[in-house]
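Have a look at the structure below, then the notes.
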Amino acid sequence: MSPFSAGINLSIGWQFSGGVQLLEGLSLAVGVALARALEEFGVPDVRLKWPNDVWCRGRKLAGVLLELSGDLTDRCGVVVGIGLNVGLRGDSAAAIDQPWIDLHSVRPGIDRNRLAAAMLNRLLPLLRSYTEPGPERGFSAYRDAWLALDQFAGRPVRLQSASREWCGTAAGVDSSGALILDMDGERKLFHGGEVSLREDGE
């Protein structure tokens, strides 16, 4: 849902060398960058939900969508798409089929242009440095920050794909950004895709 002037909706295109494997965990790192931008404006209770949502007070505030193209081993590109709720209202708000929140509900008066600039000030350096050589390359530089903001850490969850379902306890993410699910004492990894994460019993 994107009514006129009711949100911030932007996309950033970026080119990389070295193949798409270097972009593992990028959507999670983008979530960290957005959380830090929101913190600059005093937005309270910002958390992250695997693999690509920003939450506030237990509801969705923003989402991230990545579109990859190019060579799996050489030159590739990514478009980072972001949608953030600023002031949803009326019929548009009623049509949303999941728990949501907007900035006007928790921190009214934030200027959209200033917030968009703060988001870009965080995102552009992230994209510039994400594939640079070094021990802190890629998601490893953002993992600790993501874990500190994990909405579902230590809680029972249900993970769904189009045809399967897994239940367990959320145990954070690994160095590549894969979800760690504790299932009857055995830890299993789940990578991004068409999946949803819900608290057990929802």
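The values are calculated or read from the model by the stated rules, or taken from the named source; none is laboratory data. On a predicted model such as this, the values are computed, not experimentally measured, just so you know. Reconstructed Cβ throughout: ideal geometry from the backbone, glycine too, with neighbour counts over all protein chains shown. What goes into the accessible areas is simple: the full protein's heavy atoms, side chains included, and nothing from ligands, DNA or RNA. Shrake-Rupley method; radii C 1.70, N 1.55, O 1.52, S 1.80 Å.
Evaluate region 47-56: report whether one residue or more is closer than 20 Å to Pro125 by Cα, of a type in the set (Phe, Trp, Tyr) and either in contact with a Ser or Thr (Cβ under 9 Å, 6 or more places away or on another chain) or surrounded by 20 or more Cβ atoms within 10 Å (Cβ to Cβ) (or both).
No: region 47-56 contains no residue that is closer than 20 Å to Pro125 by Cα, of a type in the set (Phe, Trp, Tyr) and either in contact with a Ser or Thr (Cβ under 9 Å, 6 or more places away or on another chain) or surrounded by 20 or more Cβ atoms within 10 Å (Cβ to Cβ) (or both).
As an exercise: evaluate Glu136 against (1) free of Cβ contacts under 8 Å to residues at least 12 places away in the same chain; (2) under 17 Å from the mean Cα position of the chain (by Cα) and give the number of the one condition it does not meet.
(2)
With respect to the numbered conditions (1) buried (at least 19 other Cβ atoms within 10 Å of the Cβ); (2) modelled with pLDDT under 95, which one is the sole condition not fulfilled by Glu136?
That leaves (1) as the condition not met.
Can you name every one of the strands (runs of 3 or more DSSP E) wholly within region 44-92 that holds 2 or more residues which are modelled with pLDDT under 95 and more than 17 Å from Leu28 (Cβ to Cβ)?
So the answer is 59-70, 76-85.
Is it the case, given these coordinates, that Tyr142 is in contact (Cβ under 8 Å) with a residue 24 or more places away in the chain, hydroxyl-bearing (Ser, Thr, Tyr), touching a Lys or Arg at 6+ places or on another chain (Cβ under 8 Å) and surrounded by 12 or more Cβ atoms within 10 Å (Cβ to Cβ)? Steps first, answer last, please.
Working: in contact (Cβ under 8 Å) with a residue 24 or more places away in the chain: yes; hydroxyl-bearing (Ser, Thr, Tyr): yes; touching a Lys or Arg at 6+ places or on another chain (Cβ under 8 Å): no; surrounded by 12 or more Cβ atoms within 10 Å (Cβ to Cβ): yes.
When the stated conditions are applied, Tyr142 does not pass them.
Take the residues of region 96-129 that are open to solvent by 60 Å² or more (accessible area, probe 1.4 Å) and not in a helix (DSSP H, G or I): which is modelled with the lowest pLDDT?
In this case the residue turns out to be Asp97.
Among the residues of region 114-131, is there at least one that is in contact (Cβ under 8 Å) with a residue 24 or more places away in the chain, touching a Ser or Thr at 6+ places or on another chain (Cβ under 8 Å) and aliphatic (A, V, I, L, M)?
Within region 114-131 (the criterion being in contact (Cβ under 8 Å) with a residue 24 or more places away in the chain, touching a Ser or Thr at 6+ places or on another chain (Cβ under 8 Å) and aliphatic (A, V, I, L, M)), the answer is no, since none of the residues qualifies.
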